[in-house]
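Bear in mind these aren't lab numbers, they're just calculated from the coordinates by the rules spelled out. Note that the structure is a prediction, hence the values are computed from the model and not measured. When we count neighbours, we look across all protein chains shown, and the Cβ atoms used for this are built from the backbone with ideal geometry, even at glycine.
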Amino acid sequence: MIAVIDYDAGNLKSVEKALHHIGQESLVTRDAKELLAADQVILPGVGAFGVAMAHLKKYELDRVIEEIVQKGTPFLGICLGQHLLFEGSQENSGVEGLGLLEGEIIKIPDSPGLKIPHIGWNSLDLLGDARLFAGVGEHPYVYFVHSYYLRAKEESIVTATAEYGVTIHASIEKGNLYACQFHPEKSSATGLTILQNFAALGGGA
């Protein structure tokens, strides 16, 4: 069973629908017992960093997430869900993130010919032997919707980058923590393969 964390953020239904499409049993919940019992957990996210952190704290999900990660359960952050794993974001200065990983969340700089937010398909440069990208082509195209991007402190955890005026750390893996800036649930066959790879971690259905 894959649990999708419900903290009043957008995009929950599209993640649930994508999991159903690949034959994975899933549950959208904020119940601590259900989240801790799951085989894998996904933190989706569309919206503002500060509002998202306020909601996680309101439902005491920040503590539950920490417990899930300490337990070793495979955990995937998507888009804003990736940002929240880090210490903070330029989007809402002074708001602390979950602090599970070290790095900066920075606004995409203005560049001639590039629109912000970055919305649309971009190719990835894959780095190393990432578990999420098993069976995916060398430069897969995936779907992005964001104005802020990750620059991880530990370059060794970065498994994919994308170019959009700057080099975006588009996916990371560290231990049982996985995250991607792009939306696998909106990234066609490539995204479904990524979700299937995640579902295969830690004894998923």
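Worth pointing out:
- Projected label distance in nm at ASP110 and LYS13, using a 7 Å step from Cα toward the beta-carbon: 3.7
- Computed [θ] at 222 nm, helices only, for the chain once each DSSP H run of length n ≥ 4 contributes -39500 (n - 2.57): -7500 deg cm²/dmol
- Pairwise label distance in nanometres, THR161 with ALA134, each label 7 Å out on the Cα-Cβ vector: 2.6
- Given LYS13/LYS71; LYS33/LYS107; LYS71/LYS107, the pairs whose alpha carbons are separated by over 30 Å: LYS33/LYS107; LYS71/LYS107
- Computed from point charges on the beta carbon alone (+1 for Lys and Arg, -1 for Asp and Glu), the dipole magnitude for the range 102-178 about its Cα centre is near 240 Debye.
- Averaging the Cα positions of each part gives two centres, and for the range 109-181 and the range 12-66 these lie 21 Å apart.
- A simple packing score, the average count of other Cβ atoms within 10 Å per residue, orders the peptides 107-114, 30-37 as 30-37, 107-114, with the highest score first.
- Close amide H partners of SER171, meaning residues 5 or more places away or on another chain with modelled amide H under 5 Å apart, are THR159, ALA160, GLN181.
- Rounded FRET efficiency, nearest 0.05, which uses the C-beta distance separating GLU87 from ALA37 and R0 of 45 Å: 0.95
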